[in-house]
Amino acid sequence: MMLKVRNLRAAYGASQVLHGVDLDIAAGEVVTLLGRNGMGKTTSVSSILGMLESRQGEIEFDGQRIEGLASHRIAKLGIGLVPEGRQIFPNLSVRENLVATAANREKRTNPWTLQRVYDLFPRLSERASNMGNQLSGGEQQMLAIGRALMTNPKLLILDEATEGLAPLIRLEIWKCLDRLKGEGQSILVIDKNVAALTKLAERHYIIEKGSIVWTGTSAELRADEALQHRYLGV
């Protein structure tokens, strides 16, 4: 397994948020974490990445236990995050945003470079000299994905991959993720578009009030409308 999470529990102060989350992602697999707002999706990601200290549980990434490690050390092990809200550097140019995180720690023969990111998102090439705060929301999301890819991650995590984006931009993001999947990139996606996610991902986890309440395949999720209505509000 690329990522193995067992009995993950986390809290904000006295408020317990995660109640024993279990989650697996194999190398080259695309997996989703689904649920309504406030159910623990972003908290799960924050705990995995060490941005929120877990109170209990085991997190293993690429054969190494990582719970308790500082977030920058976890990132260097090969996890790239596209955070909710994008969080690009507003006062840096597109090019500067991309090169700021560039690394090839695994010495890949075909690493992500500026040109590869520009090939993936031609619009970023056109806007290379623009500041981050001069970009549209869709362009910022492309930049956030490109920035994460420039770290050449073993695992790419996208928190709310297409939230607030125009339909055409959403389609471009889904095409991008499908291309990454075809290249063997391990991906964890958080999003609300069940139709798109069931086309992209192999397996799905649904979280409700800090606990995983269901896991299964795309075919199983598509076939169970009652499950979608109960936990996803669709």
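Listing for the model above:
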item	result
Label point distance in nm, Ala102-Thr215, each placed 7 Å from Cα along Cα→Cβ	3.8
Length released on extending from Gln115 to Leu232, taking residue separation times 0.36 nm less the Cα-Cα span	38.3 nm
Whether segment 9-98 is rounded, prolate or oblate, judged on the alpha carbon gyration tensor where a/c under 1.5 counts as rounded	prolate
Label corresponding to P(r) over Cα pairs in 5 Å bins from 0, in percent when calculated from the structure given, among (1) 1, 7, 14, 18, 20, 17, 13, 7, 3, 0; (2) 1, 6, 11, 12, 10, 8, 6, 6, 6, 7, 8, 7, 6, 4, 2, 0, 0; (3) 1, 6, 12, 14, 14, 14, 13, 11, 8, 4, 2, 1, 0, 0	(1)
FRET efficiency estimate (nearest 0.05) - Cβ-Cβ, Leu171 to Ala128, R0 22 angstrom	0.40
Per-peptide average of other Cβ atoms within 10 Å, ordering 15-22, 100-107, 142-149 highest first	142-149, 15-22, 100-107
Alpha-carbon centroids, segment 6-85 and segment 125-181: separation in whole Å	21
Charge dipole of the chain about the Cα centre (unit charges at C-beta), most positive-ward option of Gly13, Leu23, Ile88	Ile88
Antiparallel DSSP beta bridges within the chain, as percent of all bridges there, nearest 5	60
At R0 = 22 Å, FRET efficiency that the Cβ-Cβ distance of Arg36 and Glu202 yields, to 0.05	0.45
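Every number here is computed from the coordinates shown, using simple stated rules; none is lab data. Just so you know, these numbers come straight off a predicted model, no measurement behind them. Quick reminder, even Gly has a Cβ in these numbers, built from the backbone with ideal geometry, and neighbours come from all protein chains shown.
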